[in-house]
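The values are calculated or read from the model by the stated rules, or taken from the named source; none is laboratory data. A quick note: this is a predicted structure, and the numbers were derived from the prediction, not measured. Note that we place each Cβ from the backbone using ideal geometry, even for glycine, and neighbour counts take in every protein chain shown.
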């Protein structure tokens, strides 16, 4: 029974490689990390890959006949109820399980919002990624959930990101910075200048503006930005790490093994994807180019997030009013 | 006479440290690189620093009594005609000299536009920076000139960036990419989706969308983005290089000297600042935190740019019509 509760629902058709990667990823999640997985997608295809890699008790299959292409941005995605994304999200919601997909992040966000619904008062969900710094880690939020947010949405991302840093990463009273092009108030584009007036009013410890070089410097615990800029920053870091290590290796004396260790810190296989904050369920969006190890890691992160995010019991102190 | 023509006008009051850094920077530009400099700013202060570092024939002083604070964004900056920025820009325009400032980039752009004026047809200027990749370099444009451009402006940045790659970096038929959050057309925020429809119509070799990891990968010769995102990407790279090298050094075997070499590739001291494209004169914006070496490098870049950008003689073939 304990094991059934800890299952993770995985979109088997998501990502650049579909079941060729999600099936071995699910098997690794179960065998190496003890996370049981429900694979959702075209049952025939999934079973072919399971025969190849060897089935396991802890990996179930649930059929969904349609697939959302990686090029889809969201929008009409949710009108097709038989996609692996929608069937998977609905299953996760009904059974109170975490959901993982490496599909197009726009489509994952749209499907998850439709199935789970937003938490009370949340206008748009945001993707949070914890990035390693020299002194610990920094939460980047939004890393790609909402590409054109309003200033009010950015303010909510600050609150969601601070809660994530506190509840999941265990940071006491996290410091929040707003990503801009100068540390002085008033610097930035229109969106950031508007948001900079809202953030000091929030019940979070607001540091003020931070700049591009602060993201990995440990200046703040949470870096708030729009989903367009955040996604570009996240992928820019991945590319920058690769280029720097290639240049360092080329100049000679650096030990390739050591450099690989640093590269791994920033690889999707290690951080395991982004948490979609602001919904009533747990959703992890893995990188579209994830390999099996990254999928397995995303399943582990989803299980851990679900354990942390478990809502207070309805008859507990936090739910004194009538259930809504 | 040749030496007088090659002079560079330097805003002595710009940057986080003002004349304490711009004066030794100007002296280094002249002594180490043969670039004569006109320092514009508070003559008393400048001369005090010149006494400390030792005056040189090739370094002149021109007085300007007002200083634009680093916190100023532009806007009303240009109504004060006695700032080192406006006096410097006007001097450079009158004498056909390149101009360098490490001041607030918003204020530098506003002053330069006011003094030099835009080239015919150009709506907004853009900052271009050449970033080293494993296979050469990539021009990032706009790196901070215009924070809230329209799609039409982004299309002009593509044209300006391609011309810069061709004329200054010597890239034959440069390939241009539009920075977004997915390589498929239709991915991105509203601005990028609109711009993606305009770029294929331009007389440039358009690759399509590129992502954050492509910036340093050498995927394209020119990466086009808005000045907000571009500035954050530029500074994110600086910070990422520092963090990666610190982590690599900490894990042990990498040789610190080798790592320093890579760090220098991405430091302001090496790339020497951003070229402001789209104006009738040559303007280089140095990093606000520039040291003397970075200031000297920016002066060298400005001289080289001015030599390349020299307009065709008025009685030549390109100016058949009446002078405007």
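Do we have residue A:185 as modelled with pLDDT of 95 or more, part of a loop (DSSP other than H, G, I, E, B) and out of contact with any strand residue (DSSP E or B) (no Cβ under 6 Å at 6 or more places or on another chain) here?
No, not satisfied.
Is it the case that residue B:180 is within 14 Å of chain A (Cβ to nearest Cβ), surrounded by fewer than 21 Cβ atoms within 10 Å (Cβ to Cβ), closer than 25 Å to residue B:241 by Cα and in contact (Cβ under 8 Å) with a residue 24 or more places away in the chain?
No: the conditions fail for residue B:180.
Among what's in the range B:188-225 and is out of contact with any strand residue (DSSP E or B) (no Cβ under 8 Å at 6 or more places or on another chain) and buried (at least 16 other Cβ atoms within 10 Å of the Cβ), pick the residue that is nearest to residue A:243 (Cα to Cα).
By that ranking, first place goes to B:217.
Please count how many residues of the range B:215-239 are more than 21 Å from the chain's Cα centre (by Cα) and facing chain A (nearest Cβ under 7 Å).
1
Would you check if residue A:40 is touching a strand residue (DSSP E or B) at 6+ places or on another chain (Cβ under 6 Å) and either within 21 Å of residue A:290 (Cβ to Cβ) or surrounded by 23 or more Cβ atoms within 10 Å (Cβ to Cβ) (or both)?
It is true that residue A:40 is touching a strand residue (DSSP E or B) at 6+ places or on another chain (Cβ under 6 Å) and either within 21 Å of residue A:290 (Cβ to Cβ) or surrounded by 23 or more Cβ atoms within 10 Å (Cβ to Cβ) (or both).
Mind listing just one residue for me: the one in the range B:136-154 that is away from chain A (no Cβ under 11 Å) and in a strand (DSSP E or B) and, of those, nearest to residue B:198 (Cα to Cα)?
B:141
Being closer than 23 Å to residue A:287 by Cβ, assigned by TED's automatic domain parsing to the domain that holds residue B:238 and modelled with pLDDT of 95 or more narrows it down to one residue among B:193, B:205; which is it?
Step by step, each of B:193, B:205 is checked, and only B:193 is closer than 23 Å to residue A:287 by Cβ, assigned by TED's automatic domain parsing to the domain that holds residue B:238 and modelled with pLDDT of 95 or more.
Which one of the conditions (1) touching a helix residue (DSSP H, G or I) at 6+ places or on another chain (Cβ under 7 Å); (2) outside the structural domain of residue A:303 (by TED's automatic domain parsing) does residue A:110 fail to meet, given that it meets all the rest?
(2)
Does the range B:188-205 hold any residues that are more than 8 Å from chain A (Cβ to nearest Cβ) and not in a loop (DSSP other than H, G, I, E, B), and which are they?
Within the range B:188-205, B:191, B:193, B:194, B:195, B:196, B:197, B:198, B:199, B:200, B:201, B:205 meet the criteria.
Does residue B:139 meet the test of being touching a residue at least 24 places away in the same chain (Cβ under 8 Å) and in the same structural domain as residue B:229 (by TED's automatic domain parsing)?
yes
Filter the range B:65-86 down to the residues that are surrounded by fewer than 24 Cβ atoms within 10 Å (Cβ to Cβ) and modelled with pLDDT of 90 or more, then identify the one that is nearest to the chain's Cα centre (by Cα).
Checking each candidate, the answer is B:67.
Kindly provide the set of residues from the range B:93-135 that are out of contact with any strand residue (DSSP E or B) (no Cβ under 9 Å at 6 or more places or on another chain), part of a loop (DSSP other than H, G, I, E, B) and surrounded by fewer than 24 Cβ atoms within 10 Å (Cβ to Cβ), ordered by number.
B:96, B:120, B:121, B:123, B:133, B:134, B:135
So which of B:21, B:35 is in contact with a helix residue (DSSP H, G or I) (Cβ under 8 Å, 6 or more places away or on another chain), assigned to a loop (DSSP other than H, G, I, E, B) and crowded, with 20+ Cβ neighbours inside 10 Å?
Answer to the check: B:35.
Say whether the condition of being in contact with a helix residue (DSSP H, G or I) (Cβ under 8 Å, 6 or more places away or on another chain) and over 26 Å from residue B:272 (Cα atoms) is met by at least one residue in the range B:133-151.
So far as the range B:133-151 goes, yes, one or more of its residues are in contact with a helix residue (DSSP H, G or I) (Cβ under 8 Å, 6 or more places away or on another chain) and over 26 Å from residue B:272 (Cα atoms).
Determine if the range A:220-230 includes at least one residue that is at pLDDT below 95 and either outside any helix (DSSP H, G or I) or within 24 Å of residue B:183 (Cβ to Cβ) (or both).
Looking for residues that are at pLDDT below 95 and either outside any helix (DSSP H, G or I) or within 24 Å of residue B:183 (Cβ to Cβ) (or both), one finds none in the range A:220-230, hence no.
Counting only residues that are over 13 Å from residue B:147 (Cβ atoms) and either out of contact with any strand residue (DSSP E or B) (no Cβ under 7 Å at 6 or more places or on another chain) or free of Cβ contacts under 8 Å to residues at least 24 places away in the same chain (or both), how many does the range B:226-236 have?
The qualifying residues number 2.
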